[in-house]
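The values are calculated or read from the model by the stated rules, or taken from the named source; none is laboratory data. What you see is a predicted model, and the numbers here were worked out from it, not measured in a lab. Cβ sites come from the backbone with ideal geometry, for glycine too, and all protein chains shown count toward neighbours. Heads up: the accessible areas ignore ligands, DNA and RNA and are worked out on the full protein's heavy atoms, side chains in. Shrake-Rupley method; radii C 1.70, N 1.55, O 1.52, S 1.80 Å.
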Amino acid sequence: MPGDRSGDVPLAPGLYLVATPIGNLEDITLRALRVLRSVDRIACEDTRQTQKLLNHFGITTPTVSYHMHNEGQRAEELVHALKQGARIAVVSDAGTPGIADPGHEIATAAIAAGVPVFPVPGANALINALIASGLSTERFTFHGFLPAKEGQRRTALEALRAQVGVSVETHAFYEAPHRIVDTLADMETVFGVEQAVVIARELTKLHEEFLRGTVAELRAQLASRPAVRGEMVLLFEPQVSSAVAHEQRSIAAEVAALMQAESLSEKDALKRVARERGMGKSEAYRELQREQNRLR
Ligand code: SAM
């Protein structure tokens, strides 16, 4: 392990991306403490926030601010110092830097400047929500925060719905407590009330909880609380309910599937599809023709 192989060897020059706890101070690692004690300075998303952590562990290393508003300019200054041989740690307010937090830009700049970059692993909300969610960990996609605006949020969810049947994976989002009920309502519309969802709330903290159920159940449960508080991760494996699937699948595809599976004539298959969709026969026929014309 380069950089800081043992406690006796001085820390090598370079950039250290140090994970800090997401609620439970016991989640700081021995290595993180040693690195934070040994570096020349610590670049913090919020110096006041990090100072509390440093005070708790008796660390007196100087701090400097490094946040989304000064990321570009500060990265330049820090990389300049790194090129001269400095040892600099980057921490965010909580968790792993660079994951929905500052850290990526300076890591890229340091790499481009030929400066060694060392990850110092630790707490992260996404990974810990995922491993205890019960959902598939084999393939997953992290999306950061969903858009705050309803229209954009729906579009983002619809894009995931379009992948159902193409890829099977868990999708994970960070979500704000004041938006979660609206987000669940959008999910109900896009995926149907039966969509299974997991919400991991207040991970590693006293009131940690995992809510598991259908999107309709969790929405009702959260909406009935006087206030929804705390930090949370939302996870689900998209599945499309039969009602929503009907809307998505073309009449032509359903007719063709029935003709093949049950050896029905096109006329009988269309009659069945129309009945299942609650449409009149002639309405279904017109829609089938429109679909066929679009394909020509
Ligand atoms: N860099 C952090 C990490 O490694 O997880 C994430 C920072 S991001 C600005 C903050 C979001 O992460 C919160 O809004 C929430 O969605 C999620 N989060 C952070 N701490 C959490 C916790 N203890 N429990 C659940 N979610 C958490």
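Adding -39500 (n - 2.57) for every DSSP H run of four residues or longer, then dividing by how many residues the chain holds, sets the calculated 222 nm ellipticity at -13000 deg cm²/dmol.
Residues whose amide H lies under 5 Å from that of Gly14, counting only those 5 or more places away or on a different chain, are Arg87, Ile88; hydrogens are built 1.01 Å from N in the peptide plane. Take every DSSP beta bridge whose two residues both sit in the chain; close to 45 percent of them are antiparallel.
Using +1 at the C-beta of Lys and Arg and -1 at the C-beta of Asp and Glu, which of Ala75, Leu160, Leu218 has the Cα lying farthest in the positive direction of the dipole of the chain? Working it through, the farthest residue towards the positive pole turns out to be Leu160.
Length gained on full extension, Leu211 to Glu158, computed as 0.36 nm times the residue gap minus the Cα-Cα distance: 16.7 nm. Binning the C-alpha pair distances of the chain at 10 Å intervals from 0 yields a P(r) profile of 6, 22, 23, 20, 14, 8, 6, 2, 0 %, listed from the shortest bin outward. Residue-normalised convex hull volume from the C-alpha trace of the range 251-294: 57 Å³ per residue. In units of the compact-protein estimate 2.2 N^0.38 Å, the range 151-230 shows a Cα radius of gyration of 1.12. Taking all Cα pairs closer than 8 Å and separated by 6 or more residues, the relative contact order of the chain comes to 15 percent.
Full extension of the segment from Arg229 to Thr189, taken as 0.36 nm per residue of separation minus the current Cα-Cα distance, would add 12.0 nm. Around the Cα centre of the chain, unit charges on the Cβ atoms of Lys, Arg, Asp and Glu (plus for the first two, minus for the last two) sum to a dipole of about 340 debye.
In the range 102-154 the Cα-Cα distances spread across 10 Å bins starting at 0 as 17, 29, 36, 17, 1 percent of all pairs. Distant-in-sequence amide contacts of Val64, defined by a placed amide H-H separation under 5 Å and a gap of 5 or more residues or a different chain, comprise Ile42, Ala43, Cys44. Remark: relative contact order (the range 250-290) = 37 percent; criterion is Cα-Cα distance under 8 angstrom and separation of 6 or more residues. With all protein chains in place and a 1.4 Å probe, the accessible surface of the chain carries 51 percent carbon and sulfur. Its Cα centre serving as origin, the range 251-294 has a Cβ charge dipole (Lys and Arg +1, Asp and Glu -1) of approximately 160 debye.
Seen from Glu105, the other residues with C-beta closer than 13 Å to its C-beta sum to a net charge of -4, counting Lys and Arg as +1 and Asp and Glu as -1. Charged side chains reduced to their Cβ positions (Lys and Arg at +1, Asp and Glu at -1) give the range 126-279 a dipole of some 260 debye around its Cα centre.
Accessible area of Glu262 (1.4 Å probe, protein heavy atoms only, ligands and nucleic acids ignored): about 90 Å².
Counted residue by residue at 0.36 nm each, then reduced by the alpha carbon distance between them, the extension gain from Ser263 to Asp182 reaches 24.7 nm.
Take every Cα-Cα pair in the range 39-125 and report what % of them are more than 18 Å apart. Cα-Cα pairs in the range 39-125 separated by more than 18 Å: 39 percent.
Peptides 99-106, 172-179 ordered by packing proxy, namely the average of other Cβ atoms within 10 Å per residue, highest first: 99-106, 172-179. Give the shape of the range 114-188 as rounded, prolate or oblate, defined through the alpha-carbon gyration tensor: a ≥ b ≥ c are the square roots of its eigenvalues, a/c under 1.5 means rounded, and otherwise the shape is prolate if a/b is larger than b/c and oblate if not. Because a/c hits 1.5 or more and a/b exceeds b/c, the range 114-188 counts as prolate.
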